[in-house]
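Contents: one structure, followed by commentary.
The values are calculated or read from the model by the stated rules, or taken from the named source; none is laboratory data. Not measured: the values here are computed from a predicted model. Cβ placement follows ideal geometry from the backbone for every residue including glycine, while neighbour counts extend to all protein chains displayed. We work out accessible area using only protein heavy atoms, side chains counted, and drop any ligands, DNA or RNA first. Shrake-Rupley method; radii C 1.70, N 1.55, O 1.52, S 1.80 Å.
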Amino acid sequence: EDVAPFVISNYDVTGEFQGSTKGIALQTDLWFESIPGEYLDLGDEQWNWAPGDTFLPIVISSDWLEMFNFRFSQSQGLPMLSESLIENISMKFKIKGAVPKETFMGKIVGYSQRVSTTILVPQEFMDYANAKFAPDVNSDPLQILLVTDDPTNPALAEYMDQNDLQTN
């Protein structure tokens, strides 16, 4: 039916995650990816961004929360987190690259079943940030989203096998 490339961030991202208490609860290096919003399985009322906006909406795969709750948190003695709790966690993203860093505040605004283990930002933000922070880098897509009426079609599986392509 249709295909959309994932665009990756060509700049450095540091995420600081803060709970209701003062101080940084967690700081880590991250990456962002984007696909056009029409390919996501969520409403677009919170899925927009324009230059000058300081709030950055984030969508993560449903797998992220499941991996945290059923793998990481238990092994670390941490509590499991609900979607509603995670959506209330403030995040600060420091973006740096070819120009001085810029900081954005963000929150998770949704979860997607169509993508796996990724952190999505609006396509408009990705275009802006790649142009500003990595103007001389042009990355070819390493991943695509394929929309099909029949994902079990044997011809599709054969094509993917013949071309060493993987699905998740």
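For the chain, adding -39500 (n - 2.57) for each run of n ≥ 4 DSSP H residues and dividing by the number of residues yields -5000 deg cm²/dmol at 222 nm. Leaving out ligands and nucleic acids, and using a 1.4 Å probe, what accessible area per residue does the chain come to in Å²? Ligands and nucleic acids excluded, the result is 62 Å² per residue.
The count of lysine pairs in the chain that are at least 8 places apart or cross chains, and whose C-alpha atoms lie under 20 Å apart, stands at 11.
Charges were assigned to the Cβ only: +1 to each Lys and Arg, -1 to each Asp and Glu. The resulting dipole of the chain about its Cα centre is roughly 1140 debye. Counting only protein heavy atoms and a probe of 1.4 Å, the accessible surface of the chain is 51% carbon and sulfur.
Averaged over all directions, how much area does the convex hull of the C-alpha atoms of the chain cover when projected, in nm²? The Cα convex hull of the chain, projected and averaged over all directions, gives 11.7 nm².
Of the GluC sites (Glu not before Pro) found in the stretch 1-102, those in coil by DSSP whose Cβ has at most 11 other Cβ atoms within 10 Å are Glu1, Glu45. With a 10 Å cut-off between alpha carbons and a GNM built on the chain, which of Ser112, Ser75, Ser61 moves the most? Among Ser112, Ser75, Ser61, the largest GNM mean-square fluctuation belongs to Ser75.
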